[in-house]
Amino acid sequence: MTQRALLIIDLQNDFCAGGALAVADADSTPDVANALIAWCKTRGDAVLASQDWHPANHGSFASQQQTQPFTQGELDGLPQTWWPDHCIQHTDGAALHPQLKQQAIDTVFYKGENPAIDSYSAFFDNGRRQQTQLNGWLAHHGIHELIVMGLATDYCVKFTVLDALRLGYRVNVITDGCRGVNIGAQDSALALREMAAAGARLYTLADWLEQDPRGH
């Protein structure tokens, strides 16, 4: 039984070129994901993915608040960035990137389904009031270590990694498999620094593939 899983965060069309909330250079990330998928499959590691899966009336959408995207407010008592409508359930924008080797993904975990609160982390909503099925699945399969990459560095990747560390997982972040929104120019760099300070190990894809850090 494997004790490690690759977790691909929100590699969805709306976060890639031409999407409703496109992240710069996001279309370079499926190649990184596919290289990691191949590496993991040869070692018997699980391959997982998360998807933003919003109802059309999600409260984090600027359109629902009748305000401009990327401005700030409050949702469910928590600070909130108002986003363009994105990753609406059952739309092309919510689908995983077509270049991603989706047939190799063992399980997909959905987040952001509650319209009353945003959910950056693949584990919990932003208030940590409800959780997805991810932690339970990992526990059931005896997985203690994660390889994390995806979109976006400064939001869903960061909050997933921080939650994983709090839950006791060993976490490895593949930095060139991540891209950020960067509302502030340094947001992604600061997010990686915060993840490392919390205990995550940062690798480039090349460094990761050249070694097997298991047990180090």
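Determine, yes or no, whether GLU113 is in contact with a strand residue (DSSP E or B) (Cβ under 9 Å, 6 or more places away or on another chain) and farther than 23 Å from MET195 by Cα. In short, yes. The one condition from (1) crowded, with 18+ Cβ neighbours inside 10 Å; (2) at pLDDT below 95 that GLN3 does not meet is (1).
Does GLY73 fit the bill of being in contact with a helix residue (DSSP H, G or I) (Cβ under 7 Å, 6 or more places away or on another chain) and in a strand (DSSP E or B)? Yes, satisfied. In segment 201-211 there is at least one residue matching the filter, namely being modelled with pLDDT of 95 or more and over 19 Å from ALA38 (Cβ atoms). Selection of first residues in segment 37-52 that are closer than 17 Å to GLU210 by Cα and of second residues that are in a helix (DSSP H, G or I) and open to solvent by less than 50 Å² (accessible area, probe 1.4 Å), restricted to Cβ pairs under 9 Å at least 6 apart or on distinct chains, gives the following pairs, ordered by first then second residue: ILE37/ALA104; ALA38/ALA104; TRP39/TRP208; CYS40/ALA104; LYS41/ALA104; ASP45/TRP39.
Which ones in segment 5-44 are over 14 Å from ALA94 (Cα atoms) and not hydrophobic (A, V, I, L, M, F, W, C)?
ASP25, ASP27, SER28, THR29, PRO30, ASP31, ASN34, LYS41, THR42, ARG43, GLY44
Scanning segment 92-117 for residues that are within 20 Å of PHE61 (Cα to Cα), in contact (Cβ under 8 Å) with a residue 60 or more places away in the chain and assigned to a loop (DSSP other than H, G, I, E, B) turns up ALA95, GLY112, GLU113, PRO115.
Of all residues in segment 175-192, those that are within 19 Å of ASP207 (Cα to Cα) have Cβ atoms under 7 Å from Cβ atoms of residues that are part of a loop (DSSP other than H, G, I, E, B) and open to solvent by 20 Å² or more (accessible area, probe 1.4 Å), 6 or more apart or on another chain, in THR175/THR204; ASP176/THR204; ARG179/ALA24; ARG179/ASP25.
The values are calculated or read from the model by the stated rules, or taken from the named source; none is laboratory data. Being a predicted model, the structure only gives us computed values, none of them experimental. Glycine gets a Cβ as well: all are built from the backbone with ideal geometry, and neighbour counts include every protein chain shown. Accessible surface areas use protein heavy atoms only, side chains included; no ligands, DNA or RNA. Shrake-Rupley method; radii C 1.70, N 1.55, O 1.52, S 1.80 Å.
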